[in-house]
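Below is one structure, written out as structure tokens; the observations come after it.
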Amino acid sequence: MSLDLTQFHETFFAESAEALDQMEAALLKLSAGDADLDLVNTIFRVAHSIKGGSATFGFSDVAGFTHILETLLDQMRGGKRRVDSALVDTLLRSCDLMRAMLADTQAKRPVDKARVSALHAEIELIMAGQAEAAPVPAMSAPARAAVPQLAPEEIRSGWRIHFVPGPKLLRNGNDPLRLLRELQTLAPCDIRVDAKWVPPLTDLDPEECRLSWKIEVNGPVKEAAIKSVFDWVEGECDLNIEAFGPAAEAAVAPSAPAAPAPAVELPAVAPAPVASVAAAAPVPAAGAAPAATPTAAHADGGSIRVSIEKIDELLNSVGELVITQSVLSQLAAPLEGHEAEQLRNALGQLERHMRGLQESVMRVRMLPISVVFNRFPRLVRDLGQRLGKKLELRLTGDSTELDKTVLEKIGDPLVHLVRNALDHGIESPEMRLAAGKPAHGVIELSAYHKGGNVIVEVSDDGGGLKREKILAKARERGLVGADEELSEDRIYNLIFAPGFSTADVVSDVSGRGVGMDVVKRNINELGGHVQIHSTAGKGSMVRIRLPLTLAILDGQLARVGEEVYVVPIVSIVETIQVREEAVGSVANRAQVLRLRDDYLPIVRLYDLFGIEPQYTELLDGLLMIVEADGKRVGLFVDELMSQQQVVIKSLETNFRPVSGLAGATMLGDGRVALILDIPGIIARFESREGRRGAATRAA
Amino acid sequence: MNSELIATAPATGGTPVNGHVSLGTSCTIHEVQALRAHMMAQAAHTGPFEIDGGNVQQVDTAGVQLVVAFALDCLERGVPYSWKGRSQVLDEAVRVLGVGALLESPG
């Protein structure tokens, strides 16, 4: 049987992309002066694993480049290479290049050979021209010496590992040889193979791994470093990791004060790994150590990769079930008698289970926002260098979870906001010092849950928005009348107007006025809202409110004539019955509602969508006060119906985009209800009123 | 398949061999099925055997495990085998996987 390795390519690309993110994060920590040997080991292991994987799959360009990179990294690990910002720059560019090469390989495009050669030559030059024989203070010997500075609970004399590969491990493109090699890069290892499960040649499936290993890693290595070696085979093996040595014994001391010495004298640790055989006789666990540390892989729980399409199919099926359950409930409602009551009880239970199932599936689609936040350390570092600014990035709440689709769409708007903040918000170190601020500017990204939404904030401690300059520019462009007075919020909102920029100098970072309008549009398209707060001299904060998911929404059903519409509950401020004296009109035409101290336009849905209503008199129906983008309107409907969670079906996919509508859903009685897009409704209303006004003036 | 398997070969040195297994240049999961088939064909002989790993340039755990299985079969049958050669690559894999002692001929 010939093994088709192409089936593992996608997994390799996905895992390599994640590994490169880890490598970049470790490099950025190194660049920040954190001379931790574990960081170098992490970087080395990523290069090593990608090299091994690409060699296995025959991706020779990637394997060739990672080979020389690995050599350079090995010098760093061995203390022969000073870690300075120039070296970190080269390694970051190597990281970028590996990403590009993997992307090209995945897309079956030729890699950029010129770029590869240039960086290859640069690395060779570094290795050839600057061979640093003597240990250097930044990383080498001191870095090894830095190991004892680890937190006391993380210091171990060594680790005992029992590694039993699953039968499919080899077929899945993994190779224990590579893992054991990698393990030996951490510290000297004593490796004992167990071959007792290897059957006779006649019974052996040679693509199944029947060997297992007991390994002692002899040195002060972090548990995380050991675990990360086995990251790639998690779920495909039985893995048990236990600490041994004084620290491990100290850890169990309270419960086992008289812990005996290890029952078995272990072989002396040679500088080079010592191989011995423990065929039928397993090595007994050492002394009283077994409970000293938790095991590794099992404690973490397994995980599998599932394509988003499969999850969406599942979600879609759950959505259909919700509709069916709703149909059943409606059918059962008019029934009478004891059995009908029992049926309704059972349907009530079904509804609760359905909601639980729906929530479980939704949770599968959730990812931490760190997936997006992780790109910013690099961005901030690079931009800081280019702009000559000293910057500190703070990330908080990066474990906050969001739907994958929302996450994918929020990345670019956040990049725009951060670039703007760095370019225009945070001042140069000289200006900051002159203003009595620290030379380092701070940019903070934070995320948290609030009321069924996720809030993402981008804030800086720069100079703040220049209110007068924005207003002057807006007047110059005719966006605001010469005598028109605007609230602070509305002035700041002007920066979201297309092509609006107050930048004196257009740089390649920002300042062309392209971007902020796109940011707002993208966020609105996600069903989110954006607000700006700014204080002169102290900084600005952009707050984005996002829905948790794009697949389901909590809706209020409202009837207009024979039609039922779903109004997103998040947009509803309140619903009122209109009193005659509260209704007025502007210029004898458009009706407005006086609500407390405000005047709100009245939007008649039947008029907007051209349908036959039950009521045309405002006093007969209801006004739903809805809000979007800081604007509020009264939405006139015939009556309110129930509230329910609805599964959104895309109009764009199934029909075509319609302004003012966010999608459609199926109701319990089998009818299709359209879901209102409140920002779109307001825009459609304003546009139509604008045209009517122009027509009236022309007449 | 890169491995070149030779059914029989003349005796080397003073010990007459009845079977000769060449591991070829590549002894990886890609070749193990074919290599196993040829090893089984060899195992039909009475031995002693000669294993030639001198040309191995690529090796992985699957390849080494197969050689271990062959060696254990010989051990069980009490049939000696000898190494005609072991490349540096193969030696390193044997060392890292800790199977050195398993690949010492009983004879």
Under-5 Å amide H pairs with A:Leu661, H placed in peptide plane, nonlocal only: A:Asp677
Show me, for region A:533-541, the HN-Hα J-couplings you get by feeding each phi into the Karplus relation (A = 6.51, B = -1.76, C = 1.60, θ = phi - 60°), rounded to Hz, glycine and proline as x. 10, 8, 10, 4, x, 10, x, 10, 9
Around A:Asp175: net Lys/Arg minus Asp/Glu count, Cβ-Cβ under 10 Å: +1
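Order A:Leu433, A:Leu661, most accessible first, counting only protein heavy atoms with a 1.4 angstrom probe. Display every interim value, and only then the final one.
Values: A:Leu433 110, A:Leu661 25 Å².
Accessible-area ranking of A:Leu433, A:Leu661, largest first: A:Leu433, A:Leu661.
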Taking B:Trp83, A:Trp213 and ranking on accessible area (1.4 Å, protein atoms only), highest first, one gets B:Trp83, A:Trp213
Just subtract the alpha-carbon distance of A:Arg93 and A:Ser329 from 0.36 nm times their residue separation and send over the number in nm, one decimal. 79.0 nm
³J(HN,Hα) across region B:48-64 via Karplus (A = 6.51, B = -1.76, C = 1.60, θ = phi - 60°), whole Hz, x for Gly/Pro? x, 10, 10, 10, 10, x, x, 9, 5, 10, 10, 8, 9, 4, 4, x, 5
Run down the lysines and flag those whose C-alpha is under 29 Å from the C-alpha of A:Lys437, throwing out any fewer than 8 positions away in its chain. A:Lys29, A:Lys389, A:Lys390, A:Lys466, A:Lys469, A:Lys473, A:Lys538
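At a Förster distance of 41 Å, what's the computed FRET efficiency of A:Gln349 paired with A:Gln577, Cβ-Cβ distance as r, to 0.05? If you can, show how the numbers build up before the last one.
Details: r = 37 Å, r/R0 = 0.89.
So, using R0 = 41 Å, E works out to roughly 0.65.
Going down the table (A:Lys404/A:Lys450; A:Lys168/A:Lys214; A:Lys51/A:Lys108; A:Lys51/A:Lys80; A:Lys310/A:Lys520; A:Lys113/A:Lys520), which pairs top 29 Å between alpha carbons? Let's see the in-between values first.
Working: A:Lys404/A:Lys450 18 Å; A:Lys168/A:Lys214 20 Å; A:Lys51/A:Lys108 18 Å; A:Lys51/A:Lys80 22 Å; A:Lys310/A:Lys520 31 Å; A:Lys113/A:Lys520 39 Å.
Where the Cα-Cα span goes over 29 Å, the pairs concerned are A:Lys310/A:Lys520; A:Lys113/A:Lys520.
Return the value, in Å² to the nearest 100, of accessible area buried between chains A and B (probe 1.4 Å, both sides summed).
Values: alone 35060 and 5690 Å², together 38180 Å².
Its buried surface, counting both partners, is about 2600 Å².
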Amide H neighbours of B:Lys84 at under 5 Å, excluding residues fewer than 5 places away on the same chain, with H built from the backbone geometry, are B:Ile51, B:Asp52, B:Gly53
Accessible-area ranking of A:Lys80, A:Lys214, largest first, probe 1.4 Å: A:Lys80, A:Lys214
Considering amide H positions built from the backbone, and no H for Pro or chain starts, which residues 5 or more places from A:Lys390, or on another chain, come under 5 Å of its amide H? A:Gly441
Obtain the nm distance between the two label points defined at A:Arg467 and A:Val672 by a simple spin-label model: each point lies 7 Å from its Cα along the Cα-to-C-beta direction. 5.0 nm
Efficiency by 1/(1 + (r/R0)^6): what FRET value for A:His338 and A:Leu314, r their Cβ-Cβ distance, R0 = 30 Å, to the nearest 0.05? 0.25
Calculate the FRET efficiency for A:Ser585 and A:Gln643 from the Cβ-Cβ distance with a Förster distance of 22 Å, rounded to the nearest 0.05. 0.10
How do the peptides B:92-101, A:526-535, B:70-79 rank, highest first, by the average count of neighbouring beta carbon atoms within 10 Å per residue? B:92-101, A:526-535, B:70-79
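The values are calculated or read from the model by the stated rules, or taken from the named source; none is laboratory data. Computed from a predicted model, the values in this text were never measured in an experiment. We place every Cβ from the backbone using ideal geometry, glycine too, and count neighbours over all the protein chains shown. For the accessible areas, the whole protein counts, side chains as well, though only heavy atoms, and no ligand, DNA or RNA atoms are used. Shrake-Rupley method; radii C 1.70, N 1.55, O 1.52, S 1.80 Å.
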